[in-house]
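The values are calculated or read from the model by the stated rules, or taken from the named source; none is laboratory data. Computed from a predicted model, the values in this text were never measured in an experiment. Here Cβ is always computed from backbone atoms with ideal geometry, including for glycine, and neighbour counts include all displayed protein chains. Accessible surface areas use protein heavy atoms only, side chains included; no ligands, DNA or RNA. Shrake-Rupley method; radii C 1.70, N 1.55, O 1.52, S 1.80 Å.
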Amino acid sequence: MHLKIRYPLFLAIALALSSGVLQTGCTTSGTTAGAEALTRERRSFNDDWRFRKGDVPGAELPGFHDQDWRTVRLPHDWAIEGPFDVKYNARAGGLPSHGVGWYRKTFSVPAAALGRVVTIEFDGAMYNSEVWINGHFLGNRPYGYVGFQYDLSAYLNYGGNNVMAVKLSPEDLSSRWYPGAGLYRNTWLEIKDPVHVAHWGTTVTCPSVNDTEAQVSVVTRVENHGKSDEAIEVTTRLLDPQSREVARNSAVLHVSAGSQAMLPQFLTIQNPVRWDLDHPELHLAVTELRSKGQLVDRYESRFGIRTIRYTAAEGFFLNDRLVRFNGVCLHHDLGALGTAVNWRATERQLQIMKSMGVNAIRTSHNPPSPELVELCDRMGVLLQVEAFDVWEIPKVPNGYNKYFKEWHERDLRDMIRRDRNSPSIVMWSVGNEIIEQREDNGAVLTKELVRIAHEEDATRPVTIGFNNYPKPYQNGMAAAVDLVGMNYKPLNYADQKKLHPDWIIYGSETESVTSSRGEYHLPLEKYKTHPSKQVTSYDIIGPDWAYPPDVEFAAQEKNPTVLGEFMWTGFDYLGEPTPYGGKDNSTNGYWNSDWPSRSSYFGAVDLAGFPKDRFYFYQSHWTSQPMVHVLPHWNWAGHEGETIPVYAYSNCDEVELVLNGSSLGRKKPGVDTTPLLVSFLRYQGKTFETKYRLRWDVPYAPGSIKVIGYRAGKPVAEKEIRTAAAPASLTLTPDRPMIKGDGYDLSFVTVRVVDDNGVFCPLADNKIDFTVSGPGEIAAVDNGNAATTDPFQASWRRAFNGMALVIIRSAPGRVGEIQLTASSSGLRATQVKLKAVK
């Protein structure tokens with residue numbers, strides 16, 4: 001069975017897809033061109049804001065005195081500055097992400113802009129935003145994850161000063177994770193002609209795509225803020241990835257004064273270059289509006305030519321090629337940087353995920369930043385974009401459920417309108433583990449949300465992640481969505497496919513293993529929590545709903561029509577310190593016990609971006625480039641002669657373990673099985689036979705252990721771990737030695753503690769001090785430790801299991817050499833030089 005979706009009425013002609021099969025081609029993400037005379041000017045509005053924490057009566061008034069407020073540059077997350085405190089909700093990170101915060105900005109608009117349309121756009125504002133211009137109230141948006149725009153034109157002092165004021169009122173206990181706080185995404189000021197392409201005003205699809213041609217449909221929504229009717233010539237040009245024009249169409253659109261109108265245009269591209277995972281080629285649609293021959297607006301839309309198709313019998317097809325989702329769930333925070341959006345930090349996360357073999361991201365549990373979507377477009381990563389974690393029935397006392405009834409339709413439509421044509425997005429999620437799935441009438445609201453999503457975008461399926469098995473499969477909710485997301489139910493895939501052979505099923509949230517990078521507890525005892533507040537990296541520990549990756553791998557292999565999985569999670573994230581944390585009535589009664597555990601242990605990569613052992617486990621399953629990994633570390637003083645469980649992960653034919661030059665034999669991944677005793681509550685005491693891990697029980701002797709991977713009998717990969725002596729010095733390794741001098745770009749510098757021979761010291765916890773000279777500064781520090789209250793914004797950090805991270809940010813508008821020095825008592829200091837360039 002092929003997935004069929006209704007088309008919205010206003011797009012039916014423009015899309016003209018045949019047979020109802022979901023087969024999406026050209027897709028766009030609306031952006032605007034740079035400054036051009038008499039057309040549209042779009043500029044960053046991030047600089048020179050003034051900020052104050054706390055409620056300040058009268059701060060919305062233009063004459064209010066704000067000279068003693070802090071000057072900040074957006075994006076800005078006030079909560080990541082700390083301090084950590086047990087009195088804050090530890091489930092949300094133990095950081096002050098609630099309260100009231102004010103932002104004010106004084107700016108000028110040229111007198112020549114009078115008679116034009118001036119708008120302010122916020123990519124997101126956390127939470128309960130209220131916005132004023134020159135004392136005039138523009139509006140409010142409760143949901144912190146959606147973008148929005150206001151028209152300032154009627155209230156500006158043209159040629160003079162203007163004051164923008166924003167009040168944010170995030171509440172405590174409003175989220176199950178760290179939401180951040182403040183104007184944490186980018187802001188933009190636009191000046192445009194009264195006749196212009198509307199906000200998120202283009203929709204580009206491809207009714208058909210083949211190797212010889214792509215039929216392109218472009219629907220443009222034009223607004224006329226003028227006082228007279230207009231006959232507007234709309235010209236759309238399509239540019240290929242080399243910026244060469246490959247198609248053009250012009251037509252006249254009549255737009256009445258004070259209204260808007262839509263124009264569908266059809267174009268054909270010969271021999272199209274498709275967007276795909278390995279070659280994410282992007283096209284550009286340039287829309288130009290002319291009034292009486294005069295160019296009045298120019299609007300650019302990024303798009304990619306590709307097809308997607310879902311079938312119950314086979315799975316997901318990208319460009320007619322079967323693709324399984326090797327997916328991860330990602331929260332929106334950027335670790336030590338908090339939620340403040342940063343292009344490079346987001347790009348680094350995606351690069352690390354791709355190196356693990358990831359080809360898909362689920363934006364858990366909210367609309368993502370525009371930067372994440374654009375980077376997925378550019379890097380060839382598939383996206384599931386998720387709208388809500390809650391509907392009307394609450395999960396936390398002050399969640400989005402308070403606003404859902406009034407705001408859900410607008411928020412969902414706005415989410416889809418902004419990103420509906422991004423080539424990376426292949427499905428929309430309207431909910432995650434919604435409490436309504438337990439209700440008999442849960443399908444009623446599900447159908448409404450699916451209808452809204454289909455009206456806004458007929459080309460992609462709609463899904464929900466269900467976890468309350470089997471109720472949503474009985475009450476009609478699962479039947480109401482296009483793709484059935486099953487959270488933590490690998491053993492039920494076959495049952496549901498048998499009961500509902502026409503359903504399209506995938507693992508929308510899987511595994512939930514918990515671990516701490518570099519932490520190994522011996523013996524391999526069963527426990528829920530450990531006194532260290534760390535979790536062993538043998539990857540055998542998880543909460544009651546969870547299970548080891550081996551179970552999911554096997555279930556996916558046994559059920560090849562399941563689309564794939566989205567593992568929980570790619571990165572550690574702030575908040576939800578499972579398996580630690582719980583109610584504590586001595587404070588606010590909500591998730592403060594087991595302090596200072598304040599961030600998750602779920603990631604295959606820790607909060608600092610350092611891979612855990614599980615990273616390599618997934619890499620061994622999801623990649624083909626020869627690799628091999630071995631664990632644990634080999635520093636076990638006092639355990640000489642005792643048996644140490646040694647594990648190897650590899651995608652090679654055979655793996656050999658070598659101890660101090662002597663072979664301990666070869667094993668075959670995928671053939672040889674290993675008994676695995678896990679400590680997941682639902683599997684407590686059960687032993688699995690897994691073919692995905694190799695194990696040797698090795699009597700400890702200091703020196704080295706090495707694993708060698710073989711293919712066709714030849715060594716193709718190896719990894720060695722050596723016993724370290726006492727810590728002696730530090731090494732600094734930047735991910736990029738050259739960064740842009742724009743005040744946003746970052747270099748992530750990895751710090752390692754090593755002995756006199758340069759051998760990594762896996763148990764080191766030295767306090768490391770940092771100094772920076774030149775046109776740069778320390779943006780944040782981290783070490784991946786989920787159970788520390790040391791500040792992220794500091795000039796020092798303790799090593800955690802031998803490693804730390806310092807993030808260097810360039811100074812705005814300055815270039816030159818940046819020198820970073822790391823020092824620690826009793827260790828040799830070291831330096832590294834970076835360069836900020838124009």
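Table for the structure above
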read-out	value
The stretch 601-749, Rg to Rh (Cα coordinates; Rh as Kirkwood inverse mean 1/r)	1.03
Percent antiparallel among DSSP beta bridges (both partners in the chain, rounded to 5)	80
Relative contact order (percent, whole number), the stretch 178-275, Cα cutoff 8 Å, 6+ residue spacing	28
Relative contact order %, the chain, counting alpha carbon pairs below 8 Å whose residues are six or more apart	11
Per-pair calculated FRET efficiency, R0 = 22 Å: T789 and A829 via Cβ, rounded to 0.05	0.25
Cα→Cβ-extended label distance, 7 Å offset, between H65 and D48, nm	2.2
Fraction of accessible area attributable to carbon and sulfur, the chain (%, probe 1.4 Å)	49
Largest-first principal axis extents, alpha carbons of the stretch 112-259, Å	56, 43, 27
The chain - mean residue ellipticity at 222 nm from DSSP helices (-39,500 (n - 2.57) per run, n ≥ 4, rounded to 500)	-3500 deg cm²/dmol
Mean shadow area of the stretch 230-344, taken as a quarter of the surface of its Cα convex hull (nm²)	12.0
Length-normalised contact order for the stretch 245-334 - Cα pairs under 8 Å, 6+ apart - percent	17
Zone of L522's modelled label, taken as backbone nitrogen in the stretch 708-728 under 11 Å from a point 7 Å along Cα→Cβ	none
Rounded, prolate or oblate (a/c below 1.5 giving rounded, otherwise prolate when a/b exceeds b/c) for the stretch 705-751 by Cα gyration tensor	oblate
Spin-label model distance (nm) - D502 vs A725, 7 Å beyond Cα toward Cβ	7.3
Rounded, prolate or oblate (a/c below 1.5 giving rounded, otherwise prolate when a/b exceeds b/c) for the stretch 639-704 by Cα gyration tensor	oblate
Rounded tilt (10° steps) of 343-356 against the dominant C-alpha axis of the chain	50
Cα-based equivalent ellipsoid, the chain: semi-axes from gyration tensor eigenvalues, Å	45, 33, 26
Two-site FRET efficiency, N492 against S662, from Cβ-Cβ distance with R₀ of 51 Å, rounded to 0.05	0.65
Principal axis dimensions, largest first and in whole angstrom, of the stretch 419-484 by Cα	35, 19, 15
Stretch gain in nm, segment R378-D85, where the contour uses 0.36 nm per residue and the Cα spacing is subtracted	101.5 nm
Dipole-positive endmost among G315, G431, P645 within the chain (Cβ charges, Cα centre)	P645
Cα gyration tensor shape of the stretch 80-195, rounded if a/c is under 1.5, else prolate or oblate by comparing a/b with b/c	prolate
Solvent exposure of the chain as accessible area per residue, Å², 1.4 Å probe	35
FRET efficiency, 1/(1 + (r/R0)^6) with R0 51 Å, evaluated for D55 and Q294 via beta carbons	0.60
Residue-by-residue Karplus 3J(HN,Hα) for the stretch 752-764, coefficients 6.51, -1.76, 1.60, Hz, glycine and proline x	10, 8, 10, 8, 5, 9, x, 7, 4, 9, x, 10, 5
Between 0 and 90°, nearest 10: helix 549-558 axis offset from the chain longest Cα axis	70
Tail beyond 26 Å, pair distance distribution of the stretch 453-589 (Cα, percent)	38
Longest segment of the chain lacking GluC sites (Glu not before Pro) that sit in a DSSP loop with at most 15 other Cβ atoms within 10 Å	37-313
Between 0 and 90°, nearest 10: helix 401-419 axis offset from the chain longest Cα axis	80
Label-point gap, in nm, between N140 and L677 - each point 7 angstrom along Cα→Cβ	5.7
Computed lengthening from K354 to N398, 0.36 nm per intervening residue step minus Cα-Cα distance	12.3 nm
